[in-house]
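Trainee: I'd like to ask you about the structure that follows.
The values are calculated or read from the model by the stated rules, or taken from the named source; none is laboratory data. Everything quoted here is computed from the prediction, not taken from an experiment. Using ideal geometry, Cβ is built from the backbone for each residue, glycine included, and neighbour counts are taken over all protein chains shown. Surface accessibility is based on the protein's heavy atoms, side chains included, excluding ligands, DNA and RNA. Shrake-Rupley method; radii C 1.70, N 1.55, O 1.52, S 1.80 Å.
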Amino acid sequence: MNDPSITRYLGERYWPNSSDEQRKFITSSISNRDRLVLLVCNLENDELLGVGSLNSINWVHRFADLSLIIAKPEFKSGYIAIDAFAQFIQIGMNKFNLLNLKCFTAEANTASIKLQEYFGFVEIGKFPEFLDLGTEPNSIVCSYLSREKWIEVKQRRNL
């Protein structure tokens, strides 16, 4: 999580990360009922490909923030990212019975925005020039997916 090519679009990318910090995060996530963190692994060789989460889960109003980081460049676009994202949506909508999922994405991260659009996420606004990506300010795009839209997309795409 210290590799700039992986953390390029993350708001917290400037804070140094360590194995100890990662262990603390995972340990705190295990007991946190408002966050689900899962690793994305290659089933053939158990290689770690990335991490995803349903975060800030609101059990009363039934929504959560969805995020996915694929660390291996060769898997950032393609079926691994699509499958992992679909799994997180399935868990949120089916297992956790959520009504809405939200994503907050750097506008320059076009691959993530296209992935969200593929699954029916709708842009609802932006925080203009909210992030400093090192070259120029970048907006954060806010999007969401409702349960109704997910059901429609799921049927249309046979997911």
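Trainee: Pairs only if they're at least six apart or on different chains, beta carbon under 9 angstrom, first in segment 39-51 and within 16 Å of I82 (Cβ to Cβ) and open to solvent by less than 30 Å² (accessible area, probe 1.4 Å), second among the basic types (K, R) and at pLDDT 85 or above; list them, first residue then second.
Mentor: Correct list of pairs: empty, since none qualify.
Trainee: Consider N17 carefully, then state whether it is touching a helix residue (DSSP H, G or I) at 6+ places or on another chain (Cβ under 9 Å), of a type in the set (S, T, N, Q) and at pLDDT below 95.
Mentor: It is true that N17 is touching a helix residue (DSSP H, G or I) at 6+ places or on another chain (Cβ under 9 Å), of a type in the set (S, T, N, Q) and at pLDDT below 95.
Trainee: Just to check your reading of the model, which residue among T7, T27 is at pLDDT below 85, among the polar types (S, T, N, Q) and within 14 Å of the chain's Cα centre (by Cα)?
Mentor: Result: T7 is the single residue among T7, T27 that is at pLDDT below 85, among the polar types (S, T, N, Q) and within 14 Å of the chain's Cα centre (by Cα).
Trainee: Select from segment 31-57 the residues that are under 11 Å from I69 (Cα atoms) and either in a loop (DSSP other than H, G, I, E, B) or of a type in the set (G, A, S) (or both) and list them in ascending order.
Mentor: Hits for segment 31-57 are G50, G52, S53.
Trainee: Pairs needed: first member in segment 118-142, in contact (Cβ under 8 Å) with a residue 24 or more places away in the chain and of a type in the set (D, E); second member anywhere, surrounded by 12 or more Cβ atoms within 10 Å (Cβ to Cβ) and not in a strand (DSSP E or B); C-beta distance under 6 Å; at least 6 residues apart or different chains.
Mentor: none
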